[in-house]
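Notes for the one structure printed next.
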Amino acid sequence: MDPISVEILIAMASGVAGAAGQHAWQALHTLVRQRPESGTSDPVPATGEDELAALAAAPEDAQRAHALLQALHQRAEDDPQFRLSLAEWTQQAQAAQTGDGDTRNTVSGGEQHGPIVQGRDFNGLTFNGPGTT
């Protein structure tokens, strides 16, 4: 299983990973809420729910994201079915990853008048607003 990173969890929890990230975040909620199968009548507690809720409450907190990762890995060690489901989720969540990859910006089609902004993964930009000093 390719590891999911703290950065990816933060991007999904905070909504900066776009629609794919939101979908992956909801899928993680569903996965974590699934109860493990138990061979006894005793209920087996699902782990990761508290950590998931904590990260949802403070989506940019790296410590909370790290705690969630630890809980997911611990549960995967204890529950083989969860391990398989988490591996599938991780593969799907990789598509929502931000911050990696090539950027190719092209301006074509004649003469351009005015500012052109090129890049990738912009965050917190303001155009035509008051300047800051």
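A short reminder: the numbers here are calculations on the coordinates, not readings from a lab. Note that the coordinates shown come from a computational prediction; the quantities given were computed from them, not determined experimentally. No Cβ is skipped: glycine too gets one built from the backbone with ideal geometry, and neighbour counts run over all protein chains shown.
Annotations for the structure displayed:
- You can think of it this way: the chain between Gln63 and Thr106 has 11.6 nm of extra reach, that is 0.36 nm per residue less the Cα-Cα gap.
- Rounded to 0.05, the FRET efficiency of the Gln74 and Ala20 pair, given R0 = 35 Å and the Cβ-Cβ distance, is 0.85.
- Computing FRET efficiency as 1/(1 + (r/R0)^6) for His113 and Gln91, where r is the C-beta to C-beta distance and R0 is 35 Å, gives about 0.20.
- ³J(HN,Hα) computed for each position of region 74-89 - Karplus, 6.51 cos²θ - 1.76 cosθ + 1.60, integer Hz, glycine/proline x: 5, 5, 5, 5, 8, 10, x, 5, 5, 4, 5, 5, 5, 5, 5, 4
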